[in-house]
Every structure is written in C-alpha cells, then in structure tokens.
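Chemist: Below is a structure I'd like to ask you about.
The values are calculated or read from the model by the stated rules, or taken from the named source; none is laboratory data. The model shown is predicted, which means the values in this text are computed figures rather than measured ones. Don't worry about glycine lacking a Cβ; one is built from the backbone with ideal geometry, like all the others, and counts go over all protein chains shown. What goes into the accessible areas is simple: the full protein's heavy atoms, side chains included, and nothing from ligands, DNA or RNA. Shrake-Rupley method; radii C 1.70, N 1.55, O 1.52, S 1.80 Å.
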Amino acid sequence: MSGHSKWATTKHKKAVIDARRAKSFAKLIKNIEVAAKLGGADLAGNPTLYDAVQKAKKTSVPNDNIDRAIKRGAGIGGESVEYTTIIYEAYGPNGVALMIECLTDNKNRAAAEVRTALSRNGGTLADPGSVAYNFHRKGVLVVSGEGVSEDDVMLAALEAGAEEIEPHAQGFEVITDPSDLVSVRSAIQEAGLDYESADVEFVPSLKVEIDAETARKIFRLIDALEDSDDVQNVFSNFDLPADVQAELENDE
C-alpha cells in the first residue's frame with residue numbers, strides 16, 4: 001500500500017475533507033479530460049475514461065461537470081485541453097521518499113509550486129532516479145463492501161491477473177500489473193463486488209515505518225503539495241504501524 005493511499009484513509013477530520021472537496025473535484029475532472037483526449041469519449045471503448053468517471057461519481061462530482069469534461073477532453077464542441085505530465089522525485093522529513101505526479105498546462109508554475117511546498121515543509125527535490133528506483137507503476141484497485149472476505153476478493157481477482165491483495169481501511173487493496181488492471185476490475189464487477197477506485201499508481205518496493213511525529217510532518221508536506229492545482233497525486237514509501245495510526249486519530 002502506498003503511503004499516499006494509506007494517508008487518504010486516515011484523514012479523519014471532516015473539516016479537512018470539506019476544505020479539499022473543491023480541489024478534489026478539479027483534479028478528478030482533469031483526469032477525465034486527459035482520459036477522453038487520449039482514448040475518446042466512448043466509455044465502453046475507453047477503460048481509462050470509464051474508471052476516471054466512476055471515481056468522480058463516487059466522489060459526488062455532478063454528472064453535468066463530468067459530461068462537460070468528457071466533451072472538452074475529446075474536443076467535442078470546439079473546446080480543447082492540453083496538459084503535460086511531470087514527475088518530481090523528492091525527499092520529505094527523515095528521508096521519506098516521495099513521487100510527485102503533476103498534470104499541468106504551465107510547467108514553470110508547477111515547478112515553482114512544488115519547490116515552494118517542499119522548501120517550506122522540510123522536503124527537498126531529489127536527483128532523477130534516486131527515488132524512482134524504489135517505485136514501480138502498478139494497478140491499484142480498492143475493493144469495498146461490508147461482509148466481503150479476502151477469499152471473495154482472491155477468488156475473483158487472482159485468475160484475472162492480481163499480484164497481491166492487502167487489507168485496506170475500506171476493504172481490500174488489489175495490486176496488479178498496469179496492463180491487467182481493466183481485466184481485474186471487470187472480474188471484480190462480474191463477481192458482484194463493489195470497488196472504490198481503480199488507478200495506476202507508483203507503489204514502493206520497500207517501505208519504511210515512521211513514528212507519529214514524522215507522520216505529522218509528512219502529512220503537512222503532502223497537504224502543501226496537494227494544495228497545488230497542478231499536483232495530481234503524491235506517492236510515498238512510508239508505512240504507518242497500527243499504534244501510530246491510533247495516536248494520529250487522537251490528534252485534534
């Protein structure tokens with residue numbers, strides 16, 4: 001489980017979630033636009049767009065916004081979008097590794113905002129390759145639902161190409177090769193299981209356990225990075241032991 005994914009499940013304060021709702025909507029819309037631009041507006045023939053739309057719907061993005069984003073991305077109606085993907089490698093407090101994924105229409109602005117967030121929160125940019133070697137692109141599918149067992153998920157997912165299944169705060173996290181993500185997602189659906197998200201992420205090969213104080217610093221840094229409209233995702237190699245998670249949940 002990537003540090004970013006785990007942090008997403010431990011944001012327990014409603015005020016924090018509400019404050020980020022609008023930015024979350026904007027980033028989900030951007031994913032839809034890019035998916036439609038690359039693969040067309042037909043959800044049935046564009047699985048990346050299908051997953052982007054499903055994720056937006058589960059986050060309560062209005063259908064009108066989703067439809068307009070698909071049209072913009074696909075160039076329907078004269079509108080068009082042009083984004084560039086940039087990956088920054090960085091170190092956070094206590095040497096925690098970060099992969100920062102940007103989707104931007106202004107490279108200079110994205111670079112400036114990432115550098116500012118890092119410098120103000122105990123992080124530094126890393127040399128190319130010095131962090132990336134520990135991360136691999138993987139399909140990550142979060143399966144949810146009460147009463148769903150690990151055996152249920154394994155039965156549905158393993159034959160379709162799942163590599164690993166881990167417990168997750170919302171159920172189970174299924175790791176796949178990126179090329180198998182669609183087939184595993186389809187198998188999960190055919191088995192009657194619900195899923196929260198299906199994305200291609202940077203997953204660390206080696207993780208490092210951190211204490212509560214380091215976790216608080218890392219979370220502040222990730223929050224600062226995600227405040228940028230250009231930063232789509234932040235992935236990390238930290239791992240939160242159960243006692244640290246419990247301590248963080250008691251924070252005000």
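Chemist: Only four residue types carry charge here, +1 at the Cβ of Lys and Arg and -1 at the Cβ of Asp and Glu. Report the dipole size of region 31-128 about the Cα centre in Debye, rounded to the nearest 20.
Modeler: 220
Chemist: Here's another thing I want to ask about it. Among Asn233, Asn108, Asn65, determine the one that fluctuates most according to a GNM of the chain built with springs between C-alpha atoms less than 10 Å apart.
Modeler: Greatest mean-square fluctuation among the candidates belongs to Asn108.
Chemist: Right, another one. Extending each Cα 7 Å along its Cβ direction at Glu247 and Thr116, get the distance between those two points in nm, one decimal.
Modeler: A separation of 3.3 nm, rounded to one decimal place.
Chemist: Okay, next question. Positive end of the charge dipole of the chain (Lys, Arg +1 and Asp, Glu -1 on Cβ, about the Cα centre): tell me which of Tyr91, Gln232, Asn108 has its Cα farthest that way.
Modeler: Asn108
Chemist: When the chain is modelled as a GNM with alpha-carbon springs shorter than 10 Å, which of Ala26, Ala44, Ala132 fluctuates the most?
Modeler: Ala44
Chemist: Over the residues of the chain, compute the C-alpha Rg and express it relative to 2.2 N^0.38 Å.
Modeler: 1.01
Chemist: While we're here: Just to be sure I understand: if I project the alpha-carbon convex hull of region 25-95 onto a plane and average over all orientations, what area do I get in nm²?
Modeler: Its Cα hull, projected and averaged over all orientations, spans 6.0 nm².
Chemist: In Å, the Kirkwood hydrodynamic radius of region 155-237 over pairs of distinct alpha carbons?
Modeler: Computed over region 155-237, the radius equals 14.9 Å.
Chemist: Still on this structure, I have one more. Checking the table Lys30/Lys138; Lys58/Lys207; Lys27/Lys107 against a 27 Å threshold on Cα-Cα, which pairs fail?
Modeler: Too far apart for the 27 Å limit: Lys58/Lys207.
Chemist: At a probe radius of 1.4 Å, what is the per-residue accessible area of Val153, in Å² to the nearest 10?
Modeler: The value for Val153 is about 0 Å².
Chemist: Oh, and also: Considering Cα pairs under 8 angstrom that are at least six residues apart, work out the relative contact order of region 126-195 and quote it in whole percent.
Modeler: After rounding, I find 39 percent.
Chemist: Taking R0 as 41 Å, what FRET efficiency do you get between Ser205 and Ala22 from their Cβ-Cβ distance, rounded to the nearest 0.05?
Modeler: In this case the efficiency is close to 0.75.
Chemist: A follow-up question, please. Give me the one-decimal Kirkwood hydrodynamic radius in Å for region 89-213, with the sum taken over alpha-carbon pairs.
Modeler: Evaluated over region 89-213, this radius sits at 16.5 Å.
Chemist: Under a 10 Å cutoff between Cα atoms, tell me which one of Leu193, Leu225, Leu28 has the largest fluctuation in the Gaussian network model of the chain.
Modeler: Leu193
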